[in-house]
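Bear in mind that the values in this text are calculations on the coordinates, not laboratory data. Only a predicted model underlies this, so the values are computations on that prediction, with no experimental measurement involved. Cβ: placed from backbone, ideal geometry, glycine included. Neighbour counts: every protein chain shown.
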């Protein structure tokens with residue numbers, strides 16, 4: 001039996017500010033379903049000057065941006081991978097984010113995978129878990 005050691009995940013407000021300053025965000029789980037949280041959060045990110053890249057199996061264009069079926073289909077650099085999928089799927093998305101050279105991963109509210117976050121941090125990525133960039137922007141009044 002293997003023992004899994006989990007480190008305590010900490011993030012400072014400065015850490016979050018650094019990620020919010022990054023410009024190109026791939027939004028994994030973003031579709032044209034306006035009832036889903038990813039739709040509204042991605043619109044707010046655009047309003048704040050970010051380029052959003054929809055990533056969803058349907059590869060739909062959303063908010064005027066071309067959609068992609070996976071992170072590996074994107075042929076330009078991605079700064080942040082914002083993860084709007086079930087926690088059980090988040091680890092695979094984090095691994096893709098690492099493989100494409102993203103600078104950060106952002107696991108949305110209730111998307112929890114400490115082991116995947118640890119992998120991201122060990123690979124040199126910044127990471128946020130169980131937070132929402134829209135809420136962070138509202139707290140900062142930016």
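With the Cα gyration tensor of region 13-140 in hand, convert its eigenvalues to equivalent ellipsoid semi-axes via √(5λ) and list them largest first in whole Å. Intermediate results must be reported in sequence, preceding the final value.
Details: eigenvalues 72, 58, 39 Å².
After diagonalising the Cα gyration tensor, the semi-axes are 19, 17, 14 Å.
Highest GNM mean-square fluctuation among 40, 91, 67, for the chain modelled with Cα contacts below 10 Å: 40.
Both radii were evaluated on the Cα set of region 94-142; the Rg over Rh quotient, with Rh as the Kirkwood radius, amounts to 1.03. Compared with the dominant principal axis of the Cα atoms in the chain, helix 87-99 is inclined by about 80°.
For region 34-109, what does the alpha-carbon gyration tensor say about shape, rounded, prolate or oblate, given a ≥ b ≥ c as the root eigenvalues, a/c under 1.5 as rounded, and a/b over b/c as prolate? It comes out rounded by the Cα gyration axes. Per-residue ellipticity at 222 nm from helix content only, as computed over the chain with -39500 (n - 2.57) for each DSSP H run of at least four residues, stands at -10000 deg cm²/dmol. Compute the acute angle (0 to 90°) between the alpha-carbon long axis of helix 37-47 and the principal axis of greatest extent of the alpha-carbon atoms of the chain; round to the nearest 10°. The angle comes out at about 70 degrees.
Legend: ranking of residues 107, 125 from fewest to most surrounding C-beta atoms inside 10 Å; resulting order 125, 107.
Only counting other Cβ atoms within 10 Å, I'd like 140, 119 sorted with the fewest neighbours first.
Details: 140 11, 119 18.
Going from sparsest to densest Cβ surroundings: 140, 119.
Beta bridges assigned by DSSP with both partners in region 13-140 are antiparallel in approximately 5 percent of cases.
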